[in-house]
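Trainee: Here it is, the structure in full.
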Amino acid sequence: MSTTLAESNTGQHSIDMGELSPHTKGPSLVDAAIADNCVVLNWHDGSRASFPLLWLRDHCPCTRCRHPLTRERLFVPLADIDEAPQTTLVEGGLRLKWTDGHVSLFDSVWLHQRRPDNDTDLASELTRIRRPWSANFTPAHVTHADFMTPDGEHQWLEALLRDGLVLLDEGPLADEEVSRIATRIGPMRPTNFGARFDVYSKPNPNNAAYTAIALALHSDLPNWRQPPDIQLLYCLQNEAEGGESIFADGFAVAEELRKEAPEAFRILSKTSIDFRFQDEEQDIATRAPIIELDDEGQLKEIRFNNWIRDTLRLPLDKINAWYAAYRRFWQLLHDPRHQIEFALDQGQMVAFDNRRVLHGRRAFDPNTGKRHLQGTYLDMDMLESRLRVLKRRI
Ligand code: OGA
Ligand code: ZN
Ligand code: ZN
């Protein structure tokens, strides 16, 4: 019986039930009873939870309800459950026999982890791991050689999700190294600037980054419905005078704005404005607030890019207040105590969360030497995925 349970509930297919291995340790069940269309469970650690019968039927892990190879759900919850299945505790878990004869076996630890009131499990890993920058924040560094090991890559990913920024040191001065690094994590996210772009001063630029001017703090591509999540910038040449990189934690600064100037925060988070990029080939536009919040009022995203802020289309009586709020946020972001600044070394790569951390650079003088960065973007989904996969291995 316990073998069947291990295979059906956990098995070698940990794809879906990621954190649960066949040997997962945790509290076992004391008893099970049916009440109010729920199974009420008590575990040996004193915890107690109710699971609706329909929920249990829907989560049956048997090979008729989940594909035996992909572990994806085959069962479709089309009918309500109006019955009292036979409930038995078996070694390692709970057995339900439904009136139609179907048998569902649930691992007790799997159920324990999914107690409906266990809300620590509901926050996403990203929300849990994220830490705002403190006054003396210094970014984590991982060497290129370490990054090539599962431990090093794991460290790099954790720092990136935690701080929204991480440095990779001592990489080779090789064309496309940024693409090789990116594709270890996931497919490069293409944009109108290509899947992989070169940053140097170009003769006929369609973007401020492709000049030698200073770049004030900004996020890339806020004119897209979904701007790229993670940006990688790999430094191949940095011999020009100037061109130091600048970063600020947009979330930390927005929280400060929320405290110090709640009205400015309210305006920037409630007012959608237009962002638009146009060149010979493209015209990409969207309307969104500068500070985006989730349903609970937590920060979700910062869109900040003064070059491609489009015509301000707001009711007459809202315009001046919006500018005042924008100015306040701009000043806080550019306050030296919120910024970190460093010159990228050749062979160094910075990775940052483009929807949280703002980036910029000092002007450089192209007559004093060459400056060349190669960049690409990644989706956060792939970073989280990679982190989960590496955790399985480490
Ligand atoms: C960019 C950018 C920064 C730099 O390419 O989007 O902001 O240091 N570049 O050149
Ligand atoms: Zn089943
Ligand atoms: Zn940029």
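Trainee: With a 1.4 Å probe and all protein chains kept in place, how do Arg128, Arg371 rank by accessible area, largest first?
Mentor: Correct descending sequence by accessible area is Arg128, Arg371.
Trainee: What percent of all Cα-Cα pairs in the chain falls into each 10 Å bin, going from 0 up to the bin containing the maximum distance?
Mentor: Per 10 Å bin, starting at 0, the Cα pair percentages come out as 4, 19, 24, 19, 16, 12, 5, 1, 0.
Trainee: Oh, and also: Given the protein chains as shown and a 1.4 Å probe, how many square angstrom of Phe275 are accessible, to the nearest 10?
Mentor: Looks like 0 Å² after rounding.
Trainee: Can you give me the distance in nm between label points at Asp45 and Asp80, each placed 7 Å from the Cα along the Cα-to-Cβ direction?
Mentor: 3.4
Trainee: Return the sequence-ordered ³J(HN,Hα) values of segment 205-221 in whole Hz as given by the Karplus equation 6.51 cos²θ - 1.76 cosθ + 1.60 applied to θ = phi - 60°, using x for Gly and Pro.
Mentor: Taking θ as phi minus 60°, the curve returns x, 10, 7, 4, 4, 8, 10, 10, 6, 5, 10, 5, 3, 7, 10, 7, 6 Hz for segment 205-221.
Trainee: Can you list residues whose amide H is under 5 Å from Trp133's amide H, if they're 5+ apart or on another chain and H is modeled 1.01 Å from N?
Mentor: Under 5 Å from the amide H of Trp133: Ala252.
Trainee: In Å and whole numbers, how far do the C-alpha atoms of segment 146-188 stretch along each principal axis, longest first?
Mentor: 29, 23, 19 Å, listed from the longest principal axis down.
Trainee: Moving on. Protein chains only, probe 1.4 Å: how do Thr211, Thr376, Thr138 rank by accessible area, largest first?
Mentor: Thr138, Thr211, Thr376
Trainee: Separate question: Provide the solvent-accessible area of Val40, counting protein heavy atoms only and rolling a 1.4 Å probe, rounded to the nearest 10 Å².
Mentor: Answer for Val40: close to 20 Å² accessible.
Trainee: How charged is the neighbourhood of Ala321? Take every other residue with its Cβ under 13 Å from the Cβ of Ala321, and add Lys/Arg as +1 and Asp/Glu as -1.
Mentor: Here the charged neighbours net out to +3.
Trainee: Let me ask something else about it. Which of the peptides 77-83, 358-364 is most tightly packed, and how do the rest follow, judged by the mean count of other Cβ atoms within 10 Å per residue?
Mentor: Most protected by this proxy first, the peptides run 358-364, 77-83.
Trainee: So the label point goes 7 Å from the Cα of Glu260 along Cα→C-beta, right? Which residues of segment 352-373 then have their backbone N under 18 Å from it?
Mentor: Correct set: 358.
Trainee: Okay, moving on. Hey, any idea what % of the chain's accessible area is carbon plus sulfur with a 1.4 Å probe?
Mentor: Roughly 49 percent, rounded to a whole number.
Trainee: Students sometimes get this wrong: rank Asp353, Asp294 by accessible area, probe 1.4 Å, all chains present, largest first.
Mentor: The residues order as Asp294, Asp353, largest area first.
Trainee: In percent, how large is the relative contact order of the chain, given Cα pairs closer than 8 Å and 6 or more residues apart?
Mentor: 20
Trainee: Express in nm, to one decimal, how much length is gained between Glu292 and Ala174 on full extension, taking 0.36 nm for each residue of separation and deducting their alpha carbon distance.
Mentor: Using 0.36 nm per residue and subtracting the Cα-Cα distance, I get 38.7 nm.
Trainee: Then there is this: What area, in nm² and to one decimal, does the C-alpha convex hull of segment 17-118 cast on average over all directions?
Mentor: The number I arrive at for segment 17-118 is 6.6 nm².
The values are calculated or read from the model by the stated rules, or taken from the named source; none is laboratory data. All of these numbers come straight from a predicted model, not from anything done at the bench. Note that each Cβ is placed from the backbone with ideal geometry, even for glycine, and that neighbours are counted across all protein chains shown. Ligands, DNA and RNA are stripped out before the accessible areas are found, and what is left, the full protein with its side chains, is counted by its heavy atoms. Shrake-Rupley method; radii C 1.70, N 1.55, O 1.52, S 1.80 Å.
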